[in-house]
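The values are calculated or read from the model by the stated rules, or taken from the named source; none is laboratory data. Note that the structure is predicted; figures quoted are calculated from it, not measured. Don't worry about glycine lacking a Cβ; one is built from the backbone with ideal geometry, like all the others, and counts go over all protein chains shown. Note: accessible area is taken over every heavy atom of the protein model, side chains too, but ligands, DNA and RNA are not part of it. Shrake-Rupley method; radii C 1.70, N 1.55, O 1.52, S 1.80 Å.
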Amino acid sequence: MLGIGAAHATDVFFSDIPVVLTASRMAQSPLDAPVAVTVIDREMIEASGFTEIHDLLRLVPGFLVADWAEGSPTVANHGLGDAYERRIKVMIDGGTVNSPLWGNTNWQDLPLRVDDIDRIEVVRGANGAAYGVDAFQGVINIITRSPSTQSGAGLISRVGRNGFYDHGFRVNGKLDQALDWRLSGSHRRAVNFEPYLDQQSPDQPNWNDRETVTRSVVNLSATAQVSAHDEIGLMLGASEGESDRGIPFSLSDPLRADDARSTFLHLGWRRSSAADAELSVHYYHQDERMRGAWLNTENTPVVIGRDRNSDVRRDNLELQYSARLSPSWRFMLGAGVRQESVRAPYMFNTGSTLRGTSSQLFGSVFWAPLERLKIDLGGVLEDHNYSGSLFSPRLAINYALTPESAVRFSAGVSYRAPSWVESRSEEAIYGNGELLRVFNKASPSVDPERVRHFELGYVAAFRELGLRLDVRAFHKSYERYIDDETCLNPCPPIGNIGAPARTKTFLFQNAGTFRMTGGEFSADWRKPGWGRVVLSQSFADVDADDDILDDDFTYSVPTSVTSVLLIKDLPGRWRASMGFYRHSVMKWLSDGDIVPEKARVDLKLVREFGQPGSGNEVAIVAQSVGGRYVDFHEGRFRHEPQVFGSLRLAW
């Protein structure tokens, strides 16, 4: 089960073989899961030293993370990434938090912090058969800490160079009460990008972008066991703050403050009527408010007001029932309805609010004809507000080699519906009431992207060695890839778009077919008293047809991605950890550029004090010990390194 009650699997999760919740919407062992799943557990979260949620995804095989100064950080799986990552579904306790506008995730505005997370489960591939459209290149489920797993109160303070700070608190209700609750909050500031002077061209030096982010977050979660079979739960979170952005001395991108506010609500009810039967109802609400405006007076005959204000909202209601029919048969069936609304006059050339309602039926049948053989057949039938009826099926076959190892074959079809921007945009730029240019424009009809995916997997736990392995080989065939093409008005196939002749427009349209083949593995080794090592490695290759519009498309897929997390127990209650992250040379698409091959190294040293298990600790963290690093665009963005100390107290 996702969401309410998810932390009930905590005790099992920390055994040799964890229980995962995200692969098929049902709790199961990775040995039985129909897809490959990576679990970033609490120990890994603490040891990484990361203070931002998106950075934790560097620990997932094949995943890439990049930050840029003009918007939210972005995440990609085996490349194909740009400034607006919209092919990976992101959830909090099972509720989608991708922004309806672009389809991406505004990571800096999520209404929770690293300290609120129990673990993150990541499906490392398409999973449309469980979640429908947009679970196209992966699924990230951020599972929050259950209020019943902590008590008392705690404080944490992080302070570092260049004015960095991150102060937080939590308060829990008493254990063994009728209502378990947890309240947490934080306030943080970080200078991600300093403006610097690019003097590669002495005759025309250029200043590059800056970004300083300030956010306040509050989060409340509560659960109550109202009867022997019924549990209800609540999670309410809010984030608010501003991002100081822009380029010094620039008239087209001046220094400014962009304001952001977001809220997330999750209400859930679960009834367990038998040992293997469960009925649940979940309601999720998400809204985001962005405010940003400035004047452009560079290279234009008139003053242009650039208003980037937007308001988006999503409401989602889901019903799910699962049961075991016999020792060899198990099934899950559910339905959901989702309404989205977006208002962004600058993007759609209208002050009206655009709305759309989508619905889906989802289910899976799990059959074990033999003790070692398990077959999973699942799918989602969706009626999407723009793309119409879509069916995403999957067949998975798992065969147990031993009680703690299995091989897996799975195949399926998944879709990604175009976002509101890709399907409805008309970003008209006016000056003194006159249309000067249409910046972004959607084609009259944009078909959903489709991927046919196949994978072979091997999962094993070797208790005597303290080792877990997860190996995967995959092949994916993509069709109707959506991209933006530069055109000069009139733009085929639309024709005259109403802007002055020969003005440039970015036209969203279906742009090609390609195939991706690759492999990945992770090895997780631990020895009590010594520590733990988590190694991830991936390889990928892309073969694009001639109809792909972007000449640099194939360079967006790095041939290899590596991550290593080393955790070392030391005498005297000390612990040290090191994170190593590297990918081969690649290019981020659209607003991105070439990123050279370069390793990033993070270090953390911790000393615990007080009663064992109290959580009291003092630590020092160094992020990117090699200095400024390139994540997204070599010529424009150099992310600042960070060194900070932290103090955590609990009572």
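Quick one: which residues, 5 or more positions from Ile482 or on another chain, have an amide H under 5 Å from its amide H? H modelled 1.01 Å from N in the peptide plane, none for Pro or chain starts.
It is Ala511, by chain and number.
Based on the Cα coordinates of the stretch 178-269, what is the per residue volume of their convex hull in Å³?
Dividing the Cα hull volume of the stretch 178-269 by its residues yields 109 Å³.
Please state the equivalent ellipsoid semi-axes for the stretch 414-490: what are the square roots of 5 times the Cα gyration tensor eigenvalues, largest first, in whole Å?
Semi-axes (√(5λ), whole Å): 47, 15, 9.
Using the C-alpha gyration tensor of the stretch 114-247, what are the square roots of 5 times its eigenvalues, in whole angstrom, with the largest one first?
40, 23, 11
How much space per residue, in cubic angstrom, does the convex hull of the C-alpha atoms of the chain take up?
144 Å³
Could you pull out every one of the lysines with an alpha carbon less than 17 Å from that of Lys527, ignoring same-chain neighbours closer than 8 positions?
Lys568
Would you list, by chain and number, the aspartates and glutamates whose Cα falls below 14 Å from the Cα of Lys504, excluding same-chain residues fewer than 8 positions away?
Glu426, Glu427, Asp484, Glu485
Quick check: net charge around Ala473, other residues with Cβ under 9 Å of its Cβ, Lys/Arg +1 and Asp/Glu -1?
With Lys, Arg at +1 and Asp, Glu at -1, the neighbours total -1.
Just need the relative contact order of the stretch 124-251 here, percent rounded to a whole number, with Cα pairs under 8 Å and 6+ apart.
18 percent
Specify whether the C-alpha gyration tensor of the stretch 109-192 places it in the rounded, prolate or oblate class, a ≥ b ≥ c being the square roots of the eigenvalues: rounded for a/c under 1.5, otherwise prolate if a/b is larger than b/c and oblate if not.
Taking the square roots of the gyration eigenvalues as a ≥ b ≥ c, the stretch 109-192 is oblate.
When only Cα pairs under 8 Å and 6 or more residues apart are kept, what is the percent relative contact order across the chain? Before the final figure, lay out the partial values.
Details: 1920 pairs, mean separation 79.2, N = 651.
Computed over the chain, the figure is 12 percent.
Please give, to one decimal in nm, the separation of the simple spin-label points placed at Ser389 and Gln339, each 7 Å out from Cα toward the Cβ.
For Ser389 paired with Gln339, the spin-label model returns 2.5 nm.
In bins 10 Å wide, starting from 0, what share of all Cα pairs of the stretch 41-116 does each bin hold, as a percent?
Histogramming the stretch 41-116 at 10 Å steps yields 18, 54, 28, 1 percent.
With contacts defined as alpha carbon pairs under 8 Å and 6 or more residues apart, what's the relative contact order of the stretch 395-468 in percent?
On the way: 115 pairs, mean separation 26.7, N = 74.
RCO, the stretch 395-468: 36 percent.
Considering only the other residues whose Cβ falls under 10 Å of the Cβ of Tyr321, what net charge follows from Lys and Arg at +1 and Asp and Glu at -1?
Overall, the nearby charge balance is 0.
Can you list, largest first and rounded to whole Å, the semi-axes you get for the stretch 456-559 by taking the square root of 5 times each eigenvalue of its Cα gyration tensor?
Working: eigenvalues 448, 43, 19 Å².
Output for the stretch 456-559: semi-axes of 47, 15, 10 Å.
Could you rank the peptides 528-537, 614-623, 279-288 by their average count of other C-beta atoms within 10 Å per residue, with the highest value first? Please report the intermediate quantities before stating the final value.
Values: 528-537: 15.8, 614-623: 17.6, 279-288: 19.9.
Those peptides, ordered most packed to least, come out 279-288, 614-623, 528-537.
Taking the Cα centre of the chain as the origin and placing charges on Cβ (Lys, Arg +1; Asp, Glu -1), which of Gly512, Ser148, Ile620 is farthest toward the positive end of the dipole?
Going by the charge dipole, the pick is Ser148.
In debye to the nearest 20, how big a dipole does the stretch 89-151 give about its Cα centre with +1 on each Lys and Arg Cβ and -1 on each Asp and Glu Cβ?
The calculated dipole for the stretch 89-151 is roughly 140 debye.
Over the chain, with the other protein chains present, what is the accessible area per residue in square angstrom, probe 1.4 angstrom?
Normalised by residue count, the accessible surface of the chain is 39 Å².
Through the Karplus equation 6.51 cos²θ - 1.76 cosθ + 1.60, θ set to phi - 60°, convert the phi angles of the stretch 37-46 into ³J(HN,Hα) values in whole Hz; use x for Gly and Pro.
10, 9, 10, 9, 8, 4, 5, 5, 4, 5
Hey, what number do you get for the chain at 222 nm if only DSSP H runs of n ≥ 4 count, each worth -39500 (n - 2.57), divided across all residues, to the nearest 500? Spell out each step's value before the answer.
Details: 5 runs with 24 residues, N = 651.
Rounded to the nearest 500, it is -500 deg cm²/dmol.
Just subtract the alpha-carbon distance of Ser252 and Ala411 from 0.36 nm times their residue separation and send over the number in nm, one decimal.
Contour length minus Cα-Cα distance gives 52.4 nm.
Indicate the gyration tensor shape class of the stretch 446-513 (rounded, prolate or oblate), computed on the Cα atoms with a ≥ b ≥ c the square roots of the eigenvalues: a/c under 1.5 is rounded; otherwise a/b larger than b/c is prolate and the rest oblate.
Verdict is prolate for the stretch 446-513.
Please list the non-local residues whose amide H lies under 5 Å from the amide H of Glu85, H modeled 1.01 Å from N, same-chain partners needing a gap of 5 or more.
Val75, Thr105
Cross-link candidates for Lys89: which lysines have Cα within less than 23 Å, leaving aside residues fewer than 8 places away along the same chain?
Lys476, Lys587
Using Stokes-Einstein with the Kirkwood hydrodynamic radius over Cα pairs, what translational diffusion coefficient do you get for the stretch 493-651 at 37 °C and a viscosity of 0.692 mPa s, in µm²/s rounded to a whole number? Mind showing how you got there, number by number?
Values: Rh = 19.8 Å.
Translational D for this selection: 166 µm²/s.
Can you check what the Kirkwood hydrodynamic radius comes to for the stretch 340-488, Cα pairs only, in Å to one decimal?
Kirkwood radius, the stretch 340-488: 19.3 Å.
With Cβ to Cβ distances under 12 Å as the rule, what net charge do the other residues near Asp543 carry (K, R +1; D, E -1)?
Within the 12 Å Cβ shell, the charges total -1.
In the chain, carbon and sulfur make up what percent of the accessible area (probe 1.4 Å)? Walk me through the intermediate numbers first.
Numbers: 14480 of 25530 Å².
Carbon and sulfur atoms account for 57 percent of the accessible area of the chain.
Using only Cα atoms, what is the ratio of the radius of gyration of the stretch 206-361 to 2.2 N^0.38 Å?
Expressed relative to 2.2 N^0.38 Å, the Cα Rg reads 1.54.
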